[in-house]
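Q: Here it is: the structure, laid out below.
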Amino acid sequence: MSLKSLVSASALSFLAAIFLAGCASNTPSSPEMVRKALAMDSRDSVEQYVLGATDIVRVSVWRNEDISISVPVRPDGKISVPLVGDVQASGETPEQLAQSIRTELSEYIREPQVSVVVTSMGSHEFTDRVRVTGAVRQPISIPHRSGMTVLDLFLNAGGANQFANLNDSMLYRQVEDKVVAIPVQLEDILSKGRISTNYSMRPGDILTIPERSF
């Protein structure tokens, strides 16, 4: 199985675990866990991009085009750079990788100037997405964007269908090894302008809108 398939399978397993572990009962997590989940800053995971396998990076060495390359991060987490050889990339930011290459190249080039640019972000294809499921017109899975809120995601799904129980909506967020269920009052947001539960989204969040009981 390819790495991308494994990532996809992991994402699907995460979704399945949520529905098996509490989505059906629609039970909120404890107030303490909800506070902890909401205290996580949505910017933490998007301002500093961390490299992973299948990402493609462009390594540029000023005035040394012969050793400037575009290369994928291998499944073992490394890239190969001329003169230097293998360098650990996975788990590093582009700036950290550039510094590592700069240090290694300094043995061959005087004061090398190195920059690293990510040209393909394959490793974050699933982990940086947000999803909405349940009683909406179109369940979706889309890339996370800085500043995105619960309402933004809901509107991207075309709004609710006729069976939606909007004030029993739930936002599911991974916190360490737990999935935290955060209550969302979408009806209050839409019809009363009460935006206290219009939370900022984090990569990996899942918003679910249940159907009314008849």
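Q: Farthest toward the dipole's positive end in segment 103-214, which of L207, S123, L155, given Cβ charges of +1 (Lys, Arg) and -1 (Asp, Glu) about the Cα centre?
A: L155
Q: Taking H placed 1.01 Å from N in the peptide plane, check which residues at least 5 places from T133 or on another chain put their amide H under 5 Å from its amide H.
A: For T133, whose amide H was placed from the backbone, the distant partners under 5 Å are L207, T208, I209.
Q: From the helices alone, meaning DSSP H stretches of at least four residues, give me the mean residue ellipticity at 222 nm for the chain, per-run term -39500 (n - 2.57), in deg cm²/dmol to the nearest 500.
A: -6500 deg cm²/dmol
Q: Now, a different point. What does DSSP give for the chain in terms of the percent of beta bridges that are antiparallel, rounded to the nearest 5? Mind showing how you got there, number by number?
A: Values: 31 of 35 bridges.
About 90 percent, rounded to the nearest 5.
Q: Could you tell me which label, among [x] 16.9, 51; [y] 18.4, 66; [z] 21.4, 75, carries the value of Rg and Dmax of the Cα atoms in Å calculated for this structure?
A: From the options [x] 16.9, 51; [y] 18.4, 66; [z] 21.4, 75, the structure gives [z].
Q: Shifting gears a bit: Under the classification rounded if a/c is under 1.5, otherwise prolate if a/b is larger than b/c and oblate if not, where does segment 127-214 fall, given a ≥ b ≥ c as square roots of the Cα gyration tensor eigenvalues?
A: On the way: a/c = 1.44, a/b = 1.43, b/c = 1.00.
Note, shape of segment 127-214 comes out rounded.
Q: How long are the semi-axes of the equivalent ellipsoid of segment 66-154, taking √(5λ) for every eigenvalue λ of the Cα gyration tensor, in whole Å from largest down? Please list the in-between numbers first.
A: Details: eigenvalues 301, 33, 17 Å².
Semi-axes (√(5λ), whole Å): 39, 13, 9.
Any read-out appearing in this document is the output of simple, stated calculations on the displayed coordinates, not a laboratory observation. The model shown is predicted, which means the values in this text are computed figures rather than measured ones. For neighbour counting, all protein chains shown are included, and Cβ atoms are generated from backbone atoms with ideal geometry for every residue, glycine included.
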